[in-house]
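Just so it is clear, none of the values below were taken in a lab; they were calculated from the coordinates. It should be emphasised that the depicted structure is a prediction, and the values quoted were computed from it without experimental measurement. Every residue, glycine among them, receives a Cβ derived from its backbone with ideal geometry; neighbour counts consider all protein chains shown.
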Amino acid sequence: MEILERIKKIIHNFTVKKIKIAIAESCTGGFVSHMITNISGASKVFERGIVCYSNQAKIDLVGVDPNIIEKYGAVSDVVVEQLAKNIRLNSKVDIGIGISGIAGPTGGTPEKPIGLVFIGFSTEIETYAHKYNFTADRITFKKLVLEKILEFLEQFLR
């Protein structure tokens, strides 16, 4: 199914169930929020999207603990868990999503290579992160992150 059709179906299902989401994006730079808001009716589901590209933005806008960034780095499971949980709590929504990674083509290290991304999901029941490694150009990287988020949202209602 085409991406926009999948998003449309998610928005419809979440609207029916009165489920709201918010997203804190770093490496995707607002792409996920952009794609969701391309669908009419998204405002019934999508509360907010924050682009927190820099470490300071993660701290100031989403409340990530600076000590956590210092200890683990911005591209880590613990940071995206804080992004997801804090955006959910601050927005008073059902699902918070946090994203941080290295889209490339520069910026990678042996420990954190180009293509590494963590996606955090937070609900009232649990907060957790998934780690992925994508070998792709920047735009494809963002599309692959969106794909993983859509898979999560589709599974959420099952």
Which value, in debye to the nearest 20, describes the size of the charge dipole of region 3-156 about its Cα centre when Lys and Arg Cβ atoms bear +1, Asp and Glu Cβ atoms bear -1, and nothing else is charged?
480 debye
Sorted from fewest to most neighbouring beta carbons within 10 Å, what does the list 59, 3, 114 look like?
3, 59, 114
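Given the chain, report the % of alpha carbon pairs whose separation exceeds 27 Å.
More than 27 Å apart: 17 percent of the Cα pairs in the chain.
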May I ask for the angle, rounded to the nearest 10°, between helix 3-17 and the longest principal axis of the chain, with both axes built from Cα atoms and the value confined to 0 to 90°?
60 degrees
Computed over the chain: longest principal axis from alpha-carbon atoms vs helix 77-91 long axis, angle to nearest 10 degrees, is 40 degrees
How far is it, in nm, from the label point at residue 38 to the one at residue 53 when both lie 7 Å from their Cα along the line to the Cβ?
2.0 nm
Value of relative contact order over the chain, rounded to a whole percent, pairs C-alpha under 8 Å and six or more apart
21 percent
Residues with amide H under 5 Å of residue 49's amide H, sequence separation 5 or more or different chain, H placed in the peptide plane at 1.01 Å from N; which?
23
DSSP beta bridges in the chain [antiparallel fraction, %, rounded to 5]
55 percent
If you take the charge dipole of region 3-156 about its Cα centre, with +1 on Lys and Arg Cβ and -1 on Asp and Glu Cβ, which of 37, 24, 57 is farthest toward its positive end?
37
Fewest to most neighbouring Cβ within 10 Å: what's the order for 62, 16?
16, 62
Packing-based exposure ordering (other Cβ within 10 Å, fewest first) of 148, 142:
148, 142
Which angle between 0 and 90 degrees, to the nearest 10, do you get for helix 138-156 versus the longest principal axis of the chain when only C-alpha atoms count?
50 degrees
Tell me the GluC sites (Glu not before Pro) within region 52-158 that lie in a loop according to DSSP and have at most 15 other beta-carbon atoms within 10 Å.
111, 124, 126
Which residue, 13, 133, 67, has the most motion in a Gaussian network model of the chain that connects Cα atoms within less than 10 Å?
67
Label-point gap, in nm, between residue 132 and residue 111 - each point 7 angstrom along Cα→Cβ
2.4 nm
